[in-house]
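Peer 1: Here you go, one structure.
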Amino acid sequence: MQMSTGDATEGRLIDSLGDRLRRARFRAGLTQQEVSSGRYSKSYLSAVERGKIKPSLPALQELASLLNVSLAYLLGEEAEPSPLPEESARREEVQQRLRQAAQALNQGQPQRALEHLGTMESMEGATSAERREFALLRGRALLANPETRTSPETVAALQEALQLARQQGDAQQSAYARLWLADAYLAAGDLTAAMTEYVTCMRALTSGTVRDPAYAIHLHRQYGVALLAARRYVEAREEFREALGMRSDLIDLHTALVAHRGLGQCAAELGDAAMAITHFEQSLSAARLGGDLGEELESRRLLGQILHQTGRLDEARECLLTGLECARAASAPAVAALAGELALVYLARGDMESARQSAEEARTAAGATNQDPRILGLVHLALARVAAAQGDGDTAEESFRRAMAIFEQAPQQEASEAEAAALYAEFLAQQGRYADAHQMATRAYRMLSHGPGRVK
């Protein structure tokens with residue numbers, strides 16, 4: 001049966017329309033599912049693109065609007081797509097917001113980035129690629145903002161960015177979104193989820209999906225932090241070394257600081273005090289070069305702690321006193337942390353009055369702010385030890401119990417909780433409460449021998 005001239009013309013028109021519709025959709029960065037969602041079925045749109053169905057004029061007008069092209073282009077009356085004027089203005093606004101947000105984020109202004117981005121609802125007319133970029137920028141800005149760093153909103157934004165990248169089949173962008181999502185999980189205290197995502201990112205790196213050295217440095221550094229939190233010290237040490245072994249011109253001061261601090265913590269846990277001191281000193285130098293007082297004070301706390309543990313009490317005291325003087329004018333949380341460590345140094349020196357004064361300063365500073373649970377727990381542990389040494393059993397017991405309760409509720413603090421339990425057991429034995437001491441010592445042993453994860 002021969003096709004009539006009219007049938008052949010109509011067939012060519014449908015084929016041409018389907019090709020133009022497909023090109024316009026690709027140009028807009030949209031999938032068939034995204035175009036058809038809530039309007040048509042995906043199979044209907046697929047049939048139109050394959051020239052199997054001729055859509056109505058109202059349907060064509062709606063598709064042209066969705067794809068930001070003129071109806072004339074879809075009908076073959078224009079050689080190239082002409083965006084609708086109002087749609088062009090809207091798209092330019094979207095692009096400008098994304099550019100401004102990225103610039104603010106690169107300049108270390110996460111709150112400014114969030115202000116430029118606005119809400120997803122205001123992204124009307126954006127392509128799927130633009131929506132993915134919006135979600136990723138928003139998630140990164142939330143992660144960089146201290147007030148929202150641990151918020152579920154941060155995780156949700158980066159989960160959305162990953163989902164959009166996967167829907168678009170973009171393996172490289174998926175890897176980037178997954179890396180920031182892993183950081184968000186880690187910040188929120190979900191170590192299991194963070195580890196899962198970092199391992200997947202490592203596969204993307206080793207398979208060649210991502211070849212960006214900056215991505216590799218970030219991944220090795222952050223995976224090292226996660227492994228350190230999981231008390232997998234040998235593996236963490238290797239990741240930190242990998243991060244520092246990359247091209248020196250790509251290693252920023254923050255990476256140097258975090259990696260050297262992590263290596264110091266690994267060395268301390270693995271019994272190499274000399275190496276721990278070397279790395280803590282290097283992390284302190286990086287913090288000072290970067291002008292980050294908060295990071296400098298934390299590095300001083302860790303350096304003072306290891307100097308104390310190795311019996312270098314005069315050096316430990318000077319290190320902590322220097323940090324404490326700076327902290328008093330800047331940071332109540334740092335005052336609590338440094339004064340708590342200093343109290344223990346004075347205790348080891350036998351200077352009970354100075355130990356008491358430092359412990360009280362730590363307690364006052366801890367009560368004056370929303371203290372990091374880890375530091376707050378260490379402050380109460382220091383108070384307990386000073387009180388026990390001074391023979392104040394009631395204060396010591398109360399402080400031990402408070403430290404234990406804080407560590408128990410805080411994420412990733414099993415090691416600190418185990419240390420508190422061991423010290424509490426020693427105190428109970430000195431009080432002659434041997435049954436209670438045995439129970440607490442058993443708890444400490446079980447926590448240490450089982451690794452991360454609550455053991456009651």
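Peer 1: Hey, could you check the range 205-227 for residues that are surrounded by 17 or more Cβ atoms within 10 Å (Cβ to Cβ) and of a type in the set (Gly, Ala, Ser) and say which is nearest to the chain's Cα centre (by Cα)?
Peer 2: Filtering first and then ranking leaves ALA226.
Peer 1: I'm trying to understand the selection: among the residues of the range 228-241, which are assigned to a helix (DSSP H, G or I), buried (at least 16 other Cβ atoms within 10 Å of the Cβ) and touching a residue at least 24 places away in the same chain (Cβ under 8 Å)?
Peer 2: LEU228, ALA229, TYR233, ALA236, ARG237, PHE240
Peer 1: Condition check: at pLDDT 85 or above and more than 16 Å from ARG27 (Cβ to Cβ). Does ALA89 satisfy that?
Peer 2: No, not satisfied.
Peer 1: To continue, here is another question. Just checking, which of MET202, MET195 is more than 13 Å from the chain's Cα centre (by Cα) and at pLDDT 95 or above?
Peer 2: Of the residues listed, the single one that is more than 13 Å from the chain's Cα centre (by Cα) and at pLDDT 95 or above is MET202.
A quick yes/no check of all residues on (1) at pLDDT 95 or above; (2) over 31 Å from the mean Cα position of the chain (by Cα); (3) under 20 Å from ASP272 (Cβ atoms); (4) small (Gly, Ala, Ser):
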position	(1), (2), (3), (4)
GLY290	no, no, no, yes
GLY294	no, no, no, yes
GLU298	no, no, no, no
LEU303	yes, no, yes, no
LEU321	yes, yes, no, no
ARG328	no, no, no, no
ALA332	no, no, no, yes
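Peer 1: Looking at the structure I just gave you, is TYR223 of a type in the set (Ser, Thr, Tyr) and under 25 Å from LEU293 (Cα atoms)?
Peer 2: The answer is yes for TYR223.
This table checks each residue for (1) surrounded by 24 or more Cβ atoms within 10 Å (Cβ to Cβ); (2) touching a residue at least 12 places away in the same chain (Cβ under 8 Å); (3) farther than 25 Å from GLN431 by Cβ.
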position	(1), (2), (3)
LEU347	no, yes, no
ALA365	yes, yes, yes
ARG374	no, yes, yes
ALA384	yes, yes, no
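Peer 1: Based on this model, can you work out whether ALA214 counts as assigned to a helix (DSSP H, G or I), modelled with pLDDT of 95 or more and under 21 Å from LEU257 (Cα atoms)?
Peer 2: Here the answer is no, as ALA214 does not meet what is asked.
Peer 1: Inside the range 288-298, can you point out the residues that are among the small types (Gly, Ala, Ser) and over 12 Å from ALA334 (Cβ atoms)?
Peer 2: Matches in the range 288-298: GLY290, GLY291.
Peer 1: Filter the range 245-284 for residues that are in a loop (DSSP other than H, G, I, E, B) and charged (D, E, K, R); which is farthest from GLY323 (Cα to Cα)?
Peer 2: The selected residue is ARG247.
The values are calculated or read from the model by the stated rules, or taken from the named source; none is laboratory data. Everything numeric here is computed off the predicted structure, so don't read it as measured data. Cβ coordinates were reconstructed from backbone atoms using ideal geometry, including for glycine residues, and neighbour counts include every protein chain displayed.
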